[in-house]
Ligand SMILES: [Zn+2]
Ligand SMILES: [Zn+2]
């Protein structure tokens with residue numbers, strides 16, 4: 001009987017702690033990341049807030065609301081920013097063919113424009 005009461009209290013404590021911690025985690029939005037994107041529909045180019053792990057594929061453009069914004073890549077060799085050609089194979093720089101490429105990083109002070 002006593003064991004049951006202790007167990008119940010422990011469960012209640014766990015639920016309480018969980019409900020207290022959850023809003024903190026949600027408000028921090030650790031899953032969001034800012035990428036540099038280019039919209040193939042309207043030509044918008046700039047920071048875009050996306051869910052972590054979802055930066056590949058088409059994103060909703062903050063300017064024209066079309067799902068036509070793609071993550072920009074940057075060449076570490078010549079500094080060119082480009083959208084990789086679709087299809088299999090390694091992403092290479094269209095300017096110098098270097099494969100030393102990666103996601104283009106927005107400036108540290110850049111923030112995605114608020115949705116309208
Ligand atoms: Zn657009
Ligand atoms: Zn290059």
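All of the numbers you see were taken from the coordinates with simple rules; none came from a lab. Note that the coordinates shown come from a computational prediction; the quantities given were computed from them, not determined experimentally. Please note: Cβ atoms are built from the backbone with ideal geometry, for glycine as well, and neighbour counts cover all protein chains shown.
Numbers at a glance
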quantity	calculated
Convex hull per residue volume in Å³, alpha carbons only, for the range 36-86	84
The range 27-116: Cα Rg divided by the 2.2 N^0.38 Å rule of thumb	1.09
Computed over the range 31-71: relative contact order in percent, which uses C-alpha pairs under 8 Å that are six or more apart	41
Cβ-based exposure ranking for 10, 72, in which fewest neighbours within 10 Å come first	10, 72
Pairwise label distance in nanometres, residue 63 with residue 109, each label 7 Å out on the Cα-Cβ vector	2.2
For the range 65-116, convex hull volume per residue from C-alpha positions, Å³	90
